[in-house]
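S.K.: Next up is a structure, given as C-alpha cells.
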Amino acid sequence: MAENIDLAEAAAALAGNSVFRDLGEKPRQDILAKAETVDLAVGAVLFQRGESGDCAFVIVDGELDVLVDLGIGTVELAVLGPRQLVGEIGVFGDTPRTATVVARTPARLLRLDRADVLDILTNSAAASRAIITNLGRRLNTVNQPLALLSVAARALKRDEMDTEGLEALTAAAKNLGSFGESFDEMIREVQAKQVRRHDMAIATRVQQSVLPPPWHPGSPAAKAVSLHAVMRPTRDVGGDLYDYFMIDPDHLAVVVADVSGKSVPAALFMVMFRTAVKAVATPGADAAQILARANAILAEENDAGMFVTVFFGILDCASGTLRYVNAGHNPPYLLPSAGPLQTLPAHGVAIGMVDTPRYETREACLAPGDLLFLFTDGITEAFSPDGEQYGEPRLEAILEGSRAESPKAVVERVVSAVDAFAAKREQSDDITCLALVFRPPIGE
C-alpha cells in the first residue's frame, strides 16, 4: 500500500463497502496490504466505456460520476461516494467496461487487482459467497436504470410512446437519484418530439388539402385536357406547389411554383401565394396582370424576404392557345405530338423579389396531342450517391420517349427515373411536376 494514505481511513472504506464487509477482518487486511492508491483530480477519467478491465476500485474519499453514452447523448447513471465499489465486473469477468467513470470531486481510491482479489476468494468460501451475494444486490440496483435507459432510447429513436407509458417510466425513475434527473430530461425530449411530430402531421394534412383534387373526367375542361400532377416534399411539408383551376368555363389556369427555403416557413408562404393568385385570377384578366396583383398582395406581408418562382399559364380549352408568364421558374417543356422538344423560357423576376415587377404575357399554341410538362428544380437537381446531378438532358430524354403517353404515365416515368438515379440517397429538395395533354374532341 502507498504510504500517502491513512491506513485507518482505507480500512474503514473497505470494511464499509457492501461487497467486502462480510469477508472478515483477515481477508480485508490481506486485500488492503496489496491495494494501491489512486488519486484523481476533478474531471479526471478513471476508465472509459469499452476499455478492458482487470481491476476494481474502492472509493476512500471524494465522488465519481458513472456515465453511459446512448448515442443520443450522455446520461449520468450514478454518483458514487466513499466506501462504494466501482469497476468490479473487471475483476470477476474478462469483459470491457460498460460505462465511463469520471471524478466529480478530487478523489482517492484503492486499486484492487484481479489476481489479488481472486486469490483471496479462492482460499475463502465465505468470502466468495459474500462477494456473489453483494454483487447480485449491486447488479439488481443497476438493472432497473439500464432497462429504463433501453426503453427510453428506443422511444427516442421511434418518436413513439404512449402517455401512460411515459408516466410509468417517469415514476419508476424518481427513486434513482441523479440518474432519475437525466432520465426525466430524456422523457421530456420524447414528449417534445411527440408534440413536434403531431404538429408536423397536422401541417402536412393542411398542405395536402391546399392542393387541388385529382383531375376528374367529369370536370368542365376534361373534354379538352388530360392532366396529372404530383408534389413530394423533402420534409413533412415543403415549399413547392402545383395548382389548376377554371377561371371561366373556357379557360384553365395551371400553376407550378417553388418558394425559397424549405419546411414550415416555405409552406406557409406558398399557401399565401396560392390564396393571392386565386383571389385575383378573375375572368378576362391577363396572366401578367394576375401575377403582378399577387405580387402586390405578398409584398405587404413579406417581412421574411421570401420569394416564389412561378410558371403561370392560362389555356384556352377551345383553341389550345396558352398565354403564360414564367417568373424566374424552370423553363417548362412543350412536346409536340410530332416535332422536336421545346422549352418555354423564363422572362420575369420571381414573385416577392421587387415591389413593382413588370411581367410580360407570352403565347404558345398547343395542337391536339401536344404535351406540356411543368416541374420544379427538385427533379433536375436531384443527386446520385456519387454527387452527380440529374440535369436537364436526362429529363429531356425521358420526355422524348413519352410521346402519346398519358399525363399520369409521363409523371410516373419521370419520378421513377429520378428515384432510380438517386438510388435511395436522401431527397435534397421538394419534387413537383405536372403534365398536361391537349386533346380536344374531334370536330370541335
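No lab work stands behind these numbers, since they all come straight from the coordinates. Only a predicted model underlies this, so the values are computations on that prediction, with no experimental measurement involved. Backbone-built Cβ (ideal geometry, glycine too); neighbour counts: all protein chains shown.
S.K.: Using the basic label-point model (7 angstrom from Cα toward the beta carbon), what is the GLN289 to ALA12 distance in nanometres?
M.R.: 9.6
S.K.: For the residues ILE314, ILE351, what sequence is obtained by ranking on other C-beta atoms within 10 Å, fewest first?
M.R.: Starting with the residue having the fewest Cβ neighbours, the order is ILE314, ILE351.
S.K.: Right, another one. Got a sec? How would ASP65, ASP94, ASP119 order by Cβ neighbour count within 10 Å, fewest to most?
M.R.: So the ranking, lowest neighbour count to highest, is ASP94, ASP119, ASP65.
S.K.: Further question on the same structure: Could you tell me the relative contact order of segment 212-438? Use alpha-carbon pairs under 8 Å, at least six residues apart, and round to a whole percent.
M.R.: Taking the mean separation of contacting Cα pairs over the length of segment 212-438, I get 24 percent.
S.K.: What is the calculated FRET efficiency for GLU392 to ARG425, with r their C-beta to C-beta distance and R₀ = 30 Å, to the nearest 0.05?
M.R.: The computed FRET efficiency comes out at 0.95.
S.K.: Tell me, what is the FRET efficiency for ASP355 and ALA404 to the nearest 0.05, using R0 = 60 angstrom and their Cβ-Cβ distance as r?
M.R.: With R0 = 60 Å, the Cβ-Cβ based efficiency is 0.85.
S.K.: With a Förster radius of 25 Å, plug the Cβ-Cβ distance of ASN123 and ARG21 into 1/(1 + (r/R0)^6) and report the FRET value to the nearest 0.05.
M.R.: 0.85
S.K.: Please give the direction-averaged projected area of the C-alpha convex hull for segment 212-438, in square nanometres with one decimal.
M.R.: If I average the Cα hull's projected area over directions, I get 11.7 nm².
S.K.: Any chance you could run the full-extension gain for SER319 through ARG49? It's 0.36 nm times the residue separation minus the Cα-Cα distance, nm to one decimal.
M.R.: Result: 89.7 nm gained on full extension.
S.K.: Let me ask something additional. Which of the chymotrypsin sites (Phe, Trp or Tyr not before Pro) across segment 6-66 are loop residues per DSSP, with 16 or fewer other Cβ within 10 Å?
M.R.: Answer by residue number: there is no such site.
S.K.: Another question about this same structure. Residues of segment 97-111 with amide nitrogen under 18 Å from the 7 Å Cα-to-Cβ point of VAL79?
M.R.: 100-108
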